[in-house]
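Following: one structure in structure tokens, then a few remarks.
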């Protein structure tokens, strides 16, 4: 059996297969290069400060597409000027690539106050800077929360988060009211009016007030249960050194309960009287508007 003959045929077939595979690979690579435009790049032009129409015209000539973002405002630029774009100028991109344009919005764009209430002053200042809102003044007041924004004023009026300024250029700036915290021993006095002596004393001690003086306006048997606080000093919400005394005035429980009921009845009577007066005024106005009826 002539093995050399079959070996030569095998080698020839192998070489032919390799040749065809090489040619097919070359053709495939050329097709891929043509399809992806390999080696065909466009240099991104500098569009900053150009108008939107100028930028679109340039991008179209270069075979580039674009996406427009109009949610930004820069008071130093004119309407429809390009604030920034991506990719940056000088970069190489393929034809048909999208260029992202940040366009200066309408000059009538109004700025809103971001949510800075109860936020740390450093976070608040960054949010204000990002929204181009100037701060005219920062005032510190006594409050348990230190370095926290408590209130915001604009043109001497208190404003809340979401307030829309009448002009994108806020000339006067805003005023921030910041808490400066308290000294270690200063605490807020709780409201114990209407409580029994026992409950009021327990509440004050739980808040770390230790010196509690109390006075009776009538003789009371078992004051811990049968007396209620009708007055306190300092008043609820005031700041007091925990080592100073809290003064409580007590009256028999029955007297205070009757006084509360009397006040509630008086309020109901006043409310009914007010409603009747409004009804009479309304009928009088209707008669004056329709004198023939």
Revision key, fill the gap. Simple SL model, points at 7 angstrom along Cα→Cβ for residue 215 and residue 126; separation in nm is 5.4
Check your understanding: Kirkwood Rh over Cα pairs of the stretch 43-104 into Stokes-Einstein at 4 °C, 1.567 mPa s: D in µm²/s?
Key -> 113
Practice item. Can you pull a Stokes-Einstein diffusion coefficient for the stretch 192-238 at 37 °C (0.692 mPa s), Rh from Kirkwood over Cα pairs, as a whole number of µm²/s? Key: 294
Check your understanding: Is the shape of the stretch 88-222 best called rounded, prolate or oblate, per the rule: a/c under 1.5 gives rounded, else a/b larger than b/c gives prolate, else oblate, with a ≥ b ≥ c the square roots of the Cα gyration tensor eigenvalues?
Key -> prolate
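May I ask you to derive the relative contact order of the stretch 120-239, considering only C-alpha pairs under 8 Å and at least 6 residues apart, and to give it as an integer percent? Each step should come with its number before you reach the end.
Details: 156 pairs, mean separation 31.7, N = 120.
Reported as a whole number, the value is 26 percent.
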Study note, to complete from the structure: Expressed in nanometres to one decimal, the distance between label points 7 Å along Cα→Cβ at residue 161 and residue 94 is 4.4
Check your understanding: What ranking of 241, 222 emerges when the number of other C-beta atoms within 10 Å of each C-beta is taken as an exposure proxy, fewest first?
Key -> 222, 241
**Study point:** Average projection area in nm² (convex hull over Cα atoms of the stretch 88-162, one quarter of hull surface)
**Key:** 8.4
Practice item. May I ask you to compute the full-extension gain from residue 46 to residue 180, defined as 0.36 nm times their residue separation minus their alpha-carbon distance, rounded to one decimal in nm? Key: 43.4 nm
Exercise for review: Find the relative contact order for the stretch 121-180 and round it to a whole percent, using C-alpha pairs within less than 8 Å whose residues are 6+ positions apart.
Suggested key: 51
Check your understanding: Semi-axes, largest first, in whole Å: what does sqrt of 5 times each Cα gyration tensor eigenvalue give for the stretch 121-180?
Key -> 20, 12, 9
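Only the coordinates and a few stated rules stand behind these numbers; no lab work does. All values derive from a computational prediction rather than experimental measurement. Quick reminder, even Gly has a Cβ in these numbers, built from the backbone with ideal geometry, and neighbours come from all protein chains shown.
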